[in-house]
Amino acid sequence: MRLGQHQDRRVLRTVLQAGVALIFLFPFYWAIVLSVAPKSRVFTLPPDLVPGWDFHPWERVFQAAPWGLYFLHSVIITGSTILLVLITGASAGYALSLPTFRGREIIFGIFLAALMVPPEAILIPDYVVAYHLHILNSLRGQVLPFAVNVFAIFIFRQFFKTLPKELWDAAQLDGASWWRYLWNMALPLSKPAVATVSLLTFSSQWSQFQWPLIITQGQAARPIEVALSYFQGFDGTHWRELAAASLLTLTPIIIVFLFTQRYFVVSVAGRVDDREPSSPMTPVNR
């Protein structure tokens, strides 16, 4: 009887998971249908969910902008931002996780308070600072404002607090400094945190639209997301081309997520994979 109930629950859970997955996948499917739909079927009601296989929108998308150049800019901007966020997030998170650091809770509270400030509220101050630093219309101007991420500091702090104090004691006996212990021992053990921060930073930075649109002009330093604005103008929005271009810009995010989802789930769930060594991740009370 219990076995049958257990199987029924598994079936029900699987059905619910499949339903939720379909809900989240439907926008992607609709974008695919819209990108290959004939123009006459774009505004039909009820909407036609069967692809029309008209690839003229894709041809116009590749002719509208130098996607290779924009893609290169996005890779440079995103890669540089991820590297800086990992360095600053790990350093600050590690410092705020030290039990001997006085006032760490107050400073950490100030960091968390910064999360409540909407980006739009500091848009003008950021622009003024970028203007005086002479980094407008450049790749640096799209990297430096995002080099420090409070959420990354939070993730690394919480992860470093789970490391046993015995690791630091052993490293101290070997003459290791705090800095060496961080980069040679603590950070290699925090692969789930590194993967989570990298994935979230990649998704956020790759999808940046407002800030690059404001500070860049022409093709000198614009990322791939800004190319989406080419299909919105005074003559209206070209929905088929916009859907095709959106799929083009989303593809790298989907690929990166597929390769890093295991570490992301591990970090969010607060556990490690059975194949990973468990002792360094065991929470301890400090």
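The values are calculated or read from the model by the stated rules, or taken from the named source; none is laboratory data. Please read these numbers as outputs of a predicted model, since none were measured by experiment. Please note: Cβ atoms are built from the backbone with ideal geometry, for glycine as well, and neighbour counts cover all protein chains shown.
Being among the basic types (K, R) and surrounded by 15 or more Cβ atoms within 10 Å (Cβ to Cβ) is the filter; apply it to segment 37-86 and report the residue that is modelled with the highest pLDDT. Even if it seems obvious, please write down each step before you answer.
Residues of segment 37-86 among the basic types (K, R): 39, 41, 60.
Within this subset, residues satisfying the condition of being surrounded by 15 or more Cβ atoms within 10 Å (Cβ to Cβ) are 41, 60.
Working: R41: 74, R60: 84.
Checked segment 37-86; the qualifying residue modelled with the highest pLDDT is R60.
Results for (1) touching a Pro at 6+ places or on another chain (Cβ under 9 Å); (2) exposed (fewer than 12 other Cβ atoms within 10 Å of the Cβ); (3) at pLDDT below 55, shown as yes or no for each residue.
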residue	(1), (2), (3)
F234	no, yes, no
A243	yes, no, no
L247	no, no, no
I253	no, no, no
V256	no, no, no
T260	no, no, no
V268	yes, yes, no
V272	yes, no, yes
S278	no, yes, yes
List the pairs whose first member sits in segment 156-174 and is surrounded by fewer than 16 Cβ atoms within 10 Å (Cβ to Cβ), whose second member is β-branched (V, I, T), and whose Cβ atoms are under 8 Å apart, counting only residues at least 6 apart or on separate chains? P164/T282; P164/V284; K165/V284
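Just one of A130, A147 is at pLDDT 90 or above, touching a helix residue (DSSP H, G or I) at 6+ places or on another chain (Cβ under 6 Å) and either β-branched (V, I, T) or under 30 Å from N184 (Cβ atoms) (or both); which is it?
One residue alone meets the criteria, A147.
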Does segment 228-236 contain any residue that is touching a residue at least 40 places away in the same chain (Cβ under 8 Å) and within 25 Å of H56 (Cβ to Cβ)? yes
Boolean, T282 is exposed (fewer than 15 other Cβ atoms within 10 Å of the Cβ), touching a Pro at 6+ places or on another chain (Cβ under 9 Å) and modelled with pLDDT under 85: yes
